[in-house]
Amino acid sequence: MKKLVLLLTIMTLLQANHVKGQLIVDAGPDVVVCGDWNGIDSVQLGGNPTATGGIPPYTYIWETSWEVGSWTFTASNILNDTSLANPFIIYDGPDLTFYLTVIDSESNESTDSVNVRFSLFGTHLGNLSYEIQQGDSIFLSGFSNVMGGIPPLNYLWQPNHGLSDSTSPSFWAKPEYSVAYYVTVTDSAGCSATGSPVYYVTVLPISTNQYDFKKPIEIYPNPARDHITFKTGGAKPLMKTLIFYNNQGKVIHRLESNEECIRLKTSSLSNGLNFYKIFTSDKIIDQGKIIVH
């Protein structure tokens, strides 16, 4: 009888231990978080599931820390909730290692870690302008309005019109018509950002016509809501071409006029930031930016 009781006890303990199992924690794979001026991508930490074995319910504790000067930051400055199995990363920071400790209902603990890298891009509105005669080419080099990312970086210049190599930071351009080139930069983690037009190349027809303006072109109001006025002054009426681009370098509107005062409905433009160029048959006479509300 005693042997039977002992055997049943051993079997019960073995069965309980089998059901319980070892507490296993999975903090998930290492991740790269993409971001720019507008914020970061939505990324979750943790496995699927994050904890197995042991005796539920589980307690989750996410931890990390870094210092900036005299300030110390922790996981609560990055994650939406440090006590969730799969918290979201909601703020950017330096490259970090997060440590996850899981405690089951019997106070058993297990820990795992995950590395998080941040690929952050920035852009600015800087640009360069050039004029070339029809049939000429120009070498464009060394300037980009997209910064950041995790090297090595890949470049894609658009539109791919007249370019010797649209994937190089430097290239020859021989466009047949005036064009605004913009670049998309993709880093080694697959994160990318696209800048506003950075190279404006105006192609001038071969001509001997000359025209001198008495005063600079006036543009008002800027920012504009319903209409925007371009006021030019010259020694004589002359046909002028106005070309408008969106922030992707695409031509969105074009008009020609010999009027001194040109009034344009903003419905022809994009909401937000627009770029324009005004030129005669042989020279560019103005360029700049317009904001439409």
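Out of all the residues in region 248-283, which are buried (at least 19 other Cβ atoms within 10 Å of the Cβ) and modelled with pLDDT under 85?
Answer for region 248-283, where residues must be buried (at least 19 other Cβ atoms within 10 Å of the Cβ) and modelled with pLDDT under 85: Gly249, Phe279, Thr280.
Can you pull out the residues in region 83-130 that are surrounded by 18 or more Cβ atoms within 10 Å (Cβ to Cβ), of a type in the set (Ser, Thr, Tyr) and at pLDDT 95 or above?
Answer for region 83-130, where residues must be surrounded by 18 or more Cβ atoms within 10 Å (Cβ to Cβ), of a type in the set (Ser, Thr, Tyr) and at pLDDT 95 or above: Ser110, Ser119.
Quick one: which strands (runs of 3 or more DSSP E) lie wholly within region 23-86 and hold at least 2 residues that are in contact (Cβ under 8 Å) with a residue 60 or more places away in the chain and hydrophobic (A, V, I, L, M, F, W, C)?
31-36
Looking at region 31-82, which of the residues that are in contact with a Lys or Arg (Cβ under 9 Å, 6 or more places away or on another chain) and more than 26 Å from Thr123 (Cα to Cα) is surrounded by the most Cβ atoms within 10 Å (Cβ to Cβ)?
Gly54
The values are calculated or read from the model by the stated rules, or taken from the named source; none is laboratory data. Nothing here was measured: the structure is a model prediction, and the numbers come from that model. A quick note on method: Cβ atoms are made from the backbone with ideal geometry, for glycine too, and the neighbour counts reach across all protein chains shown.
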